[in-house]
Amino acid sequence: MPGERGKLSVKRYEDFTRGLQEEVAVPEKVWERYLDTLDHIETLAEERKGADIMGRKRTKRTWMRAAAAAGVLMAGTAVFACVDPVAASELPIIGRVFERIAENATYSGDYSGKTVLQENNGQSTEEERGVAAKPEGIYTVSDNGITISASEVYSDGYSVYLAVEVVSEEGGFSGIPAYYTRRFEEKTSQMIRAEGVWKTGEEGEAVSLYNHSFEGSVVDDHTFIGMMKLDQIACNSAENMLNLELTEIRYERGEAFESEGSDPEQRIQGAWMLQIPFTADTEKSREIVVDKTGEDGLCIQKVFVSPYQVIVFTDTPYTTWSADTYTEADFEAQWGEKNEEILAKGGQPVTYEEMLAKERYENFELAVYNQDGEALAMQYGDPQKTVFAVQGLELTKLHIYAADDSDAFGLIKAENEQEARDMSVLDAEVEW
């Protein structure tokens, strides 16, 4: 509803969590942490709105992404990967990370033939544990006992997929829990989260990493391999350079969930800067114009299809608050203390006029099915685009359905395409 974007009601929390509890058994300590995450989604959304006003150009649909992530990821926290370190050490790692993790990754598929940045026999040399620089990039960097080595890279134009090996001198990776990547089915991965910034090219705008991670698997207690997906604002098919500057990595320690008062995350701060050249794959990716508008004003503009993701671009109706619906007293209650903190840090405070002018979009949901009636897994979205993971499905035709979200996660929970079609208010078909 106008003016209410970003709010997830108590009823919607209860419906979502009740559904999760019925489908999968989750340890009590993990479940408490998951519920705490949901409780803070609205606060996080408001904080990001403020950050957007102070200069960020993209507004994420935070509650959708956080709820989906919490539901899909945390539900699998009790699942642990079992890896034979001896057998793993005999296989090449650098140059073959995609091959070893792609099947279970969220953005799974065939990654063979992607750009290999460097190769070894699975045992990094002393020189490779320093900074290995080539004229066209920096592929390996070490700091604070952590070495990160870029293995392969791929770009479909909108996103850059980077595969890495992470080596810890002290170890500790074997306790990283796994999570489901197929809506509570058999595929699981592990993750190392990352903080920092990234950009493409020298003139590109630096973007903060937000909810980004290396998704993959533990090789042994000292070695982790994974991939990170970074989304560009617009499609870029030219040769480019990915500049990734990490300031912190962190990972969950499974045993910490059983210890009262212990921090379940291991955090390591440092400075790791990678420079990775890449060129977009223009042969296997395509953009298809749809330009179909429903009675409520929602427009499905175009669809981007690559081997690993489908992006549906939308033009969404929006409104702004008036002085009657959002008073100066409301503003002061929401932003008074926050603005004082912003000023204390030397930042620019949010103004009442900015809040009145801010666009607030109508809530909606999207679902995408392929020609065989198989649903693509929705990952995250905002008012301009929604991202789906292909996960190895064959795609020759897409059916897109849009509905309001009065039935929270209704389209996502639809048992089949006919059910999604019945609840939709706008649909489109795309074929190539």
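The values are calculated or read from the model by the stated rules, or taken from the named source; none is laboratory data. All values reported here derive from a predicted model rather than from experimental measurement. Note that each Cβ is placed from the backbone with ideal geometry, even for glycine, and that neighbours are counted across all protein chains shown. To get the accessible areas, we keep the full protein, side chains included, count just its heavy atoms, and leave off ligands, DNA and RNA. Shrake-Rupley method; radii C 1.70, N 1.55, O 1.52, S 1.80 Å.
Worth pointing out:
- Pairs, first under 18 Å from residue 428 (Cβ atoms) in the stretch 385-400, second acidic (Asp, Glu), C-beta under 6 Å, six or more apart: 397/431; 399/429
- Selection from the stretch 379-400 of residues that are over 20 Å from the mean Cα position of the chain (by Cα) and open to solvent by less than 10 Å² (accessible area, probe 1.4 Å): 398, 400
- Extreme residue, least open to solvent (accessible area, probe 1.4 Å), among residues of the stretch 111-170 that are of a type in the set (Val, Ile, Thr), over 23 Å from residue 284 (Cβ atoms) and at pLDDT below 95: 138
- On the stretch given as the stretch 209-228, residues that are part of a loop (DSSP other than H, G, I, E, B) and under 19 Å from the mean Cα position of the chain (by Cα) total 4.
- Scanning the stretch 326-363 for residues that are of a type in the set (Gly, Ala, Ser) and open to solvent by 40 Å² or more (accessible area, probe 1.4 Å) turns up 329, 333, 344, 346, 357.
- The sole residue among 293, 223, 320 that is at pLDDT 90 or above and closer than 19 Å to residue 175 by Cα is 223.
- Within the stretch 171-208, tally of residues that are among the polar types (S, T, N, Q), part of a strand (DSSP E or B) and either surrounded by 18 or more Cβ atoms within 10 Å (Cβ to Cβ) or modelled with pLDDT of 95 or more (or both): 3
- Residues within the stretch 229-247 that are open to solvent by less than 20 Å² (accessible area, probe 1.4 Å), in contact with a Gly (Cβ under 9 Å, 6 or more places away or on another chain) and in a strand (DSSP E or B), tallied: 4
- Selected residue [of a type outside the set (D, E, K, R), under 22 Å from the mean Cα position of the chain (by Cα) and open to solvent by 10 Å² or more (accessible area, probe 1.4 Å)] from 375, 323: 375
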